[in-house]
Amino acid sequence: MLHTVSGPGSAGHVGSTAAAPLVAYRIMLRARLLDDKFAALSRAGKIHGGVFLGRGQEALSVAVGVSLDKSDVFAPLIRDAAGRLAFGEPLIDAVRTYLGSALGPMRGRDGNVHRGYPREGLLPMISHLGAMVSVVNGVLFARRMKGITGCVGVACLGEGATSTGAFHEALNQAAVEKLPLILVVANNQFAYSTPNSRQFACASLADKAVGYGVESHSVDGTDFAGCLETLSSAVNRARTGHGPQLVVANLLRLCGHGEHDDAHYIPTEIKNSPLGRDCLKVAEKFLLEHNYVGADMFIGWRNEAIREIEAAVAQVLREAAPDPFAEEWTAISSKYLMEGHAS
Amino acid sequence: MSITYLEAIREAQAHALRDDPRVFIYGQDVGAFGGAFKATKNLAREFPGRVLDSPISEDAMVGLAVGAAIEGLRPIIEMQFADFSTVGFNQIVNQAATLFWRTQVSCPITVRLPFGGTSGSGPFHSQSLEAIYAHYPGLIVLTPATVEDAYSMLLAAVAIDDPVIFCEHKLLYYHLKSEKLPSEALPVGKARIAREGRDLTIVTYSAMVHEALAAAAELATEGWEIEVVDLRSIKPLDTDTVIASVARTGRLLCVGEAWPWGGVTAEVVARVTAEGYGLLDAPPQRLNAKDTPVPYHPNLWAAHRPTSRSVAAAARNLLRT
């Protein structure tokens, strides 16, 4: 049984082209700037409900997204703006969902991070942690029944979700069925405010893999190249028939649980530790040191991303809000079975 | 040749597996063993790779079904007992039931719940949970009372594009028999007049239909003509048929095996009172199980649930009002 612990990555095996780390970095940057915009819109009172950022987790998230093919399955969690963009979610979908546009994928029925296109393999999360894992299992299970081979599915979780029964049931189920599932755990040290010391007692969450009979991978989640390498490897293992893969990335969320939370409970010592490194800066340093790019390129990409985000926000702010009088107000697709419509 | 309620459920699943390649069955012990009640007897052999044992993981069973439904399949999930569906409750009510509303992608899963009390089964193998599921938007809840309905409504459930909670009563499994399977059936969502009468309407469903019919037969010897409405479907609930019956009789008694707080009987009374108040000659009444867990001992169990005797007594009281 494979259990790998990655040191600093070289990104040597990432992607099909030498430009893969650049592609990943630019997506991370867009995700970071998009999150910054949502935080600003939230402060300006333009967003109803919660705002959940992926700051500090973009390297891990983007590594997931760029490791997947369009035909794969992806169940992101709340800090996966980067992974979503990398998987192909249009940036404007995030804006529309946060702003409740009637034109967004959820049409105002659900908001913020609860968005997706199930039939296209992007599963919209429910809030109950661990619940998406078995749904990914189901898609993979059904595809195997239909004779579709070669695809994999990713479910993203935080370390808090590893305490749920749903996590246990689903990982065990995937192992029993030998499904090509990659379970990516962002161990960001705090589940909302609860520290790891109150969440689990094992030395490493990756140790749990042994109990399920699945392979595991541990990686420094602040290490851009390490994340790319590890996710590429885990996805490849799942795709080539080695069953479920548990990936545990250690990092720190560089923001509150949501924008309503100042994260005062995170001790300064952790923020100043290697866990508190900003993966975006780590990525820039990596790209410069390995001569992928010159420093002058970063500002241009940043400005380009800001223009894209501002244009999307400006467009969505002009779009119609959902109209309660146009709503069908039914939760079932079989209209003939609506209450009061018995034939 | 006769066929039982349980065999009808088995035959409906065989029919669905035979006719629709999208159908598969997933649940504990449903494979080679044929299920705890034998509702999937021999199906794993007849349909290789499509009737599969699951781990004891109700949450993941339903989650897997939702994923498979997204991918276009039509899973049937067997909960070994309805009571254990509470472990998969989150996936049913939050994942499956909300999927279409959130995404416009329908979720055609059928969750079979062997439910209701049988003597000696005790608190954790006897529960009636239909009202809890009916409370949530996005679910269809079916409660067949006859062999014919068990068959035709299970076939309908698999064909419905939304999640269906199929409540099959364990007490009816073995002793309820019919000569043959039906070739046609009332549509899902339509209640059935199980017995016609003019003095009082009993609205009920599932195993309680048979207690109500027995009570009606007893009361007939006393000169009363009791109408029995079998709801068949809890959600949607066929209010029209119920109110039409109350319009004929002027008296309503709702009988359910579930617990008394809220629930199907309360819903029926609320609807009739709100929409048919002027039709009532007496205050509508309810008869439910007692407000305790379902007891183990036959003496206690028989007193916990409504029976033909207690239904007849409640009807007599209402007829005298």
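Each reported figure results from applying straightforward, stated rules to the coordinates on display, with no laboratory input. Fair warning: this is a prediction, and the values are worked out from it, not measured in the lab. Here the Cβ positions follow ideal geometry from the backbone for every residue, glycine too, while neighbour counts run over all protein chains shown.
I'd like to know which of A:Ala186, A:Ala170, A:Asn272 lies farthest towards the positive end of the charge dipole of the range A:157-293, counting +1 on Cβ of Lys and Arg and -1 on Cβ of Asp and Glu.
Value: A:Ala170.
Neighbour counts of other C-beta atoms within 10 Å: give me A:Val282, B:Val311 arranged from fewest to most.
A:Val282, B:Val311
Using a 10 angstrom cutoff on alpha carbons, build the Gaussian network for chain A and name the most mobile of A:Thr330, A:Thr164, A:Thr97.
A:Thr330
So, R0 is 30 Å and r is the distance between the beta-carbons of A:Ser127 and A:Tyr336; what FRET efficiency does that work out to, to 0.05? Could you put the intermediate results ahead of the total?
Numbers: r = 31 Å, r/R0 = 1.04.
That gives a FRET efficiency of 0.45.
Which three extents, in whole angstrom, do the alpha-carbon atoms of chain A cover along their principal axes, largest first?
On the principal axes, chain A reaches 63, 49, 42 Å in Cα extent.
Sorting A:His114, A:His260 on the 10 Å Cβ count, fewest up front, what's the list? Intermediate results must be reported in sequence, preceding the final value.
Numbers: A:His114 19, A:His260 11.
Fewest-to-most Cβ neighbours within 10 Å comes out as A:His260, A:His114.
Quick one: give the max-minus-min coordinate of the C-alpha atoms of the protein assembly as shown along each principal axis, largest first, in Å.
Principal-axis extents of the protein assembly as shown (Cα, largest first): 98, 53, 44 Å.
Taking the alpha-carbon distance from B:Lys235 and a cut-off under 21 Å, which lysines remain once sequence neighbours fewer than 8 residues away in the same chain are dropped?
Qualifying lysines at Cα under 21 Å: A:Lys335, B:Lys170, B:Lys190.
Over chain B, with a single point scatterer placed on each C-alpha, what log10 of the ratio I(q)/I(0) does the Debye formula yield at q = 0.06 1/Å?
Relative scattering, expressed as log10 I(q)/I(0), comes to -0.19.
Quickly work out the B:Arg320-to-A:Ile148 label distance, labels modelled 7 Å from Cα along the C-beta direction, and quote it in nm with one decimal.
Each label point is offset 7 Å from its Cα along the Cβ direction, giving 6.6 nm.
Using the Cα centre of chain B as the reference point, and only Cβ charges (+1 on K/R, -1 on D/E), how large is the resulting charge dipole? Debye, rounded to the nearest 20.
That gives chain B a dipole magnitude of about 260 debye.
Loop-only check: which trypsin sites (Lys or Arg not before Pro) in the range A:301-334 are DSSP coil with at most 14 other Cβ within 10 angstrom?
In loop regions of the range A:301-334 (DSSP not H, G, I, E or B), the sparsely surrounded trypsin sites (Lys or Arg not before Pro) are A:Arg318.
Between B:Asn94 and B:Ala220, how high is the FRET efficiency from 1/(1 + (r/R0)^6) when r is the Cβ-Cβ distance and R₀ = 45 Å? Nearest 0.05.
E between B:Asn94 and B:Ala220, to the nearest 0.05, is 0.45.
Could you check the spin-label model distance between B:Ala282 and A:Asn236? Points 7 Å from the Cα along Cα→Cβ, value in nm.
Using points 7 Å along Cα→Cβ, the separation is 8.0 nm.
What residues of the range B:183-208 lie in the reach of a label at B:Asp19, counting those whose backbone N is under 17 Å from a point 7 Å from the Cα along Cα→Cβ?
The answer is B:183-189.
In nm, to one decimal, how far is the modelled label at A:Glu328 from the one at A:Glu289, with both set 7 Å along Cα→Cβ?
Modelled inter-label distance: 5.5 nm.
Please list, in order, the residues from the range B:132-171 whose amide nitrogen is less than 12 Å from a point placed 7 Å along the Cα→Cβ vector of B:Phe33.
From the range B:132-171, the list is empty.
What size of dipole, in debye to the nearest 20, comes out for the range A:3-323 about its Cα centre when the only charges are +1 on Lys and Arg C-beta atoms and -1 on Asp and Glu C-beta atoms?
Approximately 500 debye in magnitude.
Picking from B:Thr249, B:Ala131, B:Asn317, whose Cα lies most toward the positive end of the charge dipole for chain B (charges on Cβ: Lys, Arg +1; Asp, Glu -1)?
Farthest along the dipole direction, towards plus: B:Asn317.
Which aspartates and glutamates does B:Lys290 reach when only Cα atoms under 14 Å apart count, and residues fewer than 8 places away in its own chain are ignored?
B:Glu257
Is there a quick way to get the dipole size of the range B:1-128? I mean about its Cα centre, with the Cβ of Lys and Arg at +1 and of Asp and Glu at -1; what is the value in debye to the nearest 20?
Around 180 debye, computed over the range B:1-128.
So if each residue of separation counts as 0.36 nm, and I subtract the Cα-Cα distance between B:Ser119 and B:Tyr174, what length gain in nm does that give?
18.4 nm is the gain from fully extending B:Ser119 to B:Tyr174.
Suppose a student asked you for the relative contact order of the range A:3-323, using Cα pairs under 8 Å spaced at least 6 residues apart; what percent would you report? Walk me through the intermediate numbers first.
Values: 643 pairs, mean separation 80.5, N = 321.
Value for the range A:3-323: 25 percent.
How much space per residue, in cubic angstrom, does the convex hull of the C-alpha atoms of the range B:192-320 take up?
Expressed per residue, the convex hull around the Cα atoms of the range B:192-320 is 97 Å³.
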